[in-house]
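Taking it in order: structure first as structure tokens, then the write-up.
All of the numbers you see were taken from the coordinates with simple rules; none came from a lab. Since the structure is predicted, the reported quantities are computational estimates derived from the model, not experimental observations. With ideal geometry, Cβ positions are generated from the backbone for all residues, glycine too; neighbour counts draw on all protein chains shown.
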Amino acid sequence: MVNHKSNNEKNTDIKPNLSFGNSILILGAKSKIAKALASLYAKNGYNLILAGRNIEYDLKDFVEQIKNKYDIQIMVKELDILNFSSHEKFYNSIKQKPIGVISFIGLIASQLDNDSTFSNKQLLLNTNFLGVINIIDVISEDFQNRKSGWITAISSIAAERARNENFIYAASKSALNTFMEGKRIALLPYNVQISTIKLGPVNTPMIKDFKYPQFLISHPSKIAKKIYKIQQTKYSVKYLPSYWRFVMLILKNLPEKLYCRII
Ligand SMILES: NC(=O)c1ccc[n+]([C@@H]2O[C@H](COP(=O)([O-])OP(=O)(O)OC[C@H]3O[C@@H](n4cnc5c(N)ncnc54)[C@H](OP(=O)(O)O)[C@@H]3O)[C@@H](O)[C@H]2O)c1
């Protein structure tokens, strides 16, 4: 269902009384991948709830573009995932609950000035793990009661096996993966799909300090297309691009001594 607006149909005001059914909640919506995915959902007629820090200001132009192009409704909501006590209030403030939620929230050590301090370790774990799981707990309670919906967390192939760099980030994503698996099992009887997407390197500011061979780096819009497609299916865990599943299978099964020598 593609819903392009003609010029005289344009309406940039959000009408609070219109139904927000069929909406997707995107957490960490300022990520390039998140924005590309939001555009795809909008193109396909879904309403959007975009959440993040300073989002009203930072996504102003993006929201205007989407509203001008597609006949959907967009709500922007301020969310700092580190403000744990605000999570419930944040979700309760969304009157028409979403049918699906995807979290792009993430922080990597290279984004911090000095990653070896305790407070930075805490910041990484609080952002990538505790913050994300706390909000997923809040949202999944509602989905469990409604016996429908899907929740997806964006994770990383880095979580599969440690390297000499960014292993606090890897540990936090690994903890997230384990949480998602537990949540998936817990919500199986309630018709709620809990999924994890493990990304390989994607061309976003997050990887600017890493030297990956160019051929291994995916484009955000390509990844968004793949996410949109698999989100229409029933799945638990997906690697994107999918070849990472085989690469990680080999790496995970390498004996420790050999792994430490080649990595
Ligand atoms: N790029 C890659 O190669 C790659 C590979 C594997 C996995 N991933 C994962 O993919 C997801 C998207 O990453 P990206 O590459 O698009 O990088 P990104 O642009 O840095 O996206 C991370 C998002 O998390 C948000 N965030 C961080 N701290 C937050 C907080 N306290 N409260 C609310 N939002 C917060 C950021 O918002 P602000 O702009 O406000 O900081 C940003 O929107 C992340 O979970 C990342 O770990 C990325």
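What to note about this one:
- Length-normalised contact order of the range 134-220 in % [C-alpha pairs under 8 Å, at least 6 apart]: 32 percent
- Annotation: the antiparallel percentage among DSSP beta bridges lying fully within the chain is about 5.
- Look at the dipole of the chain built from charges on Cβ: of GLY182, ILE99, GLN232, the Cα furthest out on the positive end belongs to GLN232.
- Treating r as the C-beta distance of LYS211 and GLU88 and R0 as 41 Å, the FRET efficiency rounds to 0.45.
- For the chain, built as a Gaussian network whose Cα springs stay under 10 Å, the top-fluctuating residue of ILE139, ILE24, ILE99: ILE99
- Fluctuation leader among ILE81, ILE133, ILE230 - the chain, Gaussian network, Cα springs under 10 angstrom: ILE230
- Computed FRET value (nearest 0.05) for TYR243 with SER119, which takes r as the C-beta separation and R₀ as 41 Å: 0.65
- Listed by Cβ neighbour count within 10 Å, with the fewest neighbours leading, LEU25, LEU112 appear as LEU112, LEU25.
- The chain - mean residue ellipticity at 222 nm from DSSP helices (-39,500 (n - 2.57) per run, n ≥ 4, rounded to 500): -12000 deg cm²/dmol
- Using a Gaussian network model of the chain in which every pair of alpha carbons under 10 angstrom is joined by a spring, one finds that among ALA42, ALA186, ALA34 the greatest mean-square fluctuation is at ALA186.
- Paramagnetic label zone (point 7 Å from Cα along Cα-to-C-beta, PHE167; backbone N under 11 Å) in the range 233-263: 260
- Net charge in the neighbourhood of SER86 (other residues with Cβ under 11 Å of its Cβ; Lys, Arg +1, Asp, Glu -1) is -1.
- In plain terms, the residue of HIS87, HIS219 with the fewest other Cβ atoms within 10 Å comes first and the most crowded comes last, giving HIS219, HIS87.
- Average projected area [Cα convex hull, the chain], square nanometres: 15.1 nm²
- Its Cα gyration tensor gives the range 63-219 an equivalent ellipsoid, and the semi-axes of that ellipsoid, as √(5λ) in whole Å with the largest first, are 28, 20, 17.
- Exceeding the 22 Å Cα-Cα cut-off - candidates LYS35/LYS183; LYS35/LYS222; LYS43/LYS97; LYS35/LYS69; LYS97/LYS183; LYS121/LYS183: LYS35/LYS183; LYS121/LYS183
- Formal net charge of residues neighbouring TYR259 (Cβ-Cβ distance under 14 Å; K, R +1; D, E -1): +3
- Relative contact order of the range 103-182, defined on C-alpha pairs under 8 angstrom at six or more residues apart (%): 37 percent
- Relative contact order of the chain: 18 percent, from C-alpha pairs under 8 Å at least 6 residues apart in sequence.
- Note on TYR235 and VAL138: with the Förster distance fixed at 22 Å, the Cβ-Cβ geometry gives a FRET efficiency of about 0.40.
- Using only side-chain charges placed at the Cβ, +1 for Lys and Arg and -1 for Asp and Glu, the dipole size of the range 7-262 relative to its Cα centre rounds to 900 debye.
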